[in-house]
1. With respect to T149, is the statement that it is at pLDDT below 85, β-branched (V, I, T) and more than 22 Å from G24 (Cβ to Cβ) true?
2. Just give me the residues in region 155-189 being closer than 11 Å to G32 by Cβ and of a type in the set (A, V, I, L, M, F, W, C), in sequence order.
3. Return the total of residues in region 72-82 being modelled with pLDDT under 85, outside any loop (DSSP other than H, G, I, E, B) and surrounded by fewer than 19 Cβ atoms within 10 Å (Cβ to Cβ).
4. Can you confirm whether L42 is under 25 Å from D171 (Cα atoms) and modelled with pLDDT under 70?
5. Say whether the condition of being under 23 Å from L181 (Cβ atoms), in contact (Cβ under 8 Å) with a residue 12 or more places away in the chain and small (G, A, S) is met by at least one residue in region 86-96.
6. Evaluate the following for R160: is it under 30 Å from A25 (Cβ atoms), of a type in the set (D, E, K, R), modelled with pLDDT of 85 or more and surrounded by 15 or more Cβ atoms within 10 Å (Cβ to Cβ)?
7. Step by step: first the residues of region 55-71, then only those that are surrounded by fewer than 17 Cβ atoms within 10 Å (Cβ to Cβ) and of a type in the set (G, A, S), then the one that is modelled with the highest pLDDT. Which residue is that?
8. Out of S79, S35, S112, I need the residue that is out of contact with any Lys or Arg (no Cβ under 8 Å at 6 or more places or on another chain) and within 17 Å of D173 (Cβ to Cβ). Which one?
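The values are calculated or read from the model by the stated rules, or taken from the named source; none is laboratory data. Quick caveat, the model's predicted, so the values are computed rather than measured. Positions of Cβ are backbone-derived with ideal geometry, glycine not excepted, and every protein chain shown enters the neighbour counts.
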Amino acid sequence: MFRMLGFVACLALVGAAQAQEIRGAYLGAAYGLVSFDERIELPEVAIIPVSDTAGAYRLLGGFQLNSNYAIELGWTKTSGLSEDLGAFLNVDAEFEAATLRGIALAPFGSLSMFGGLGYYDATIRTDIVFNLIDGPLRFSTKDSDSGLTAVGGIQFDLSRISIRGEYEWFDTDGNTDASSLNIGVLFRF
């Protein structure tokens, strides 16, 4: 009889352990690719297209309110995005963005699908070099952009670590398109 009660108690505890919510603060890092397309307009000179995919790293931190909702801050920076238009013109760009977003998770055991919306504030620094016969002619621009960002992906949760794959899209102005595909690790406190 005591063995049977012990067995039933163990089954009840296993169900309770599965039902425990994940909550609390977390920090993480991710690496991925940023796809970037921009039309740089030099007044009365030219329109220069820059289209490249470059490596990017992302640092993030957040607070998971319960198993279904989280609030997250992030910072993304690319390595050099570049476009070489023959020997005459070289363009290098760098994309950096800070994000604040709300995340909704749909957990299925230790695997969760998630999606979220938020706000981003980005800086795009562009260096343009015209290789002329008399020597190089250099231009530099620094543009700011902000707006809506949307994210979706899959997250695999272990006890204190989560592994995440995500796609993020930035609603940029009319001259620029940017999105990222990342894989990252989150550490929970």
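1. no
2. Our first condition is that a residue be closer than 11 Å to G32 by Cβ; within region 155-189, this holds for 164-168, 179-184.
Within region 155-189, L181, I183 meet the criteria.
3. So the answer is 1.
4. Values: under 25 Å from D171 (Cα atoms): yes; modelled with pLDDT under 70: yes.
In short, yes.
5. Checking region 86-96: at least one residue is under 23 Å from L181 (Cβ atoms), in contact (Cβ under 8 Å) with a residue 12 or more places away in the chain and small (G, A, S).
6. no
7. Out of the qualifying residues, it is G61.
8. Exactly one of S79, S35, S112 is out of contact with any Lys or Arg (no Cβ under 8 Å at 6 or more places or on another chain) and within 17 Å of D173 (Cβ to Cβ), namely S35.
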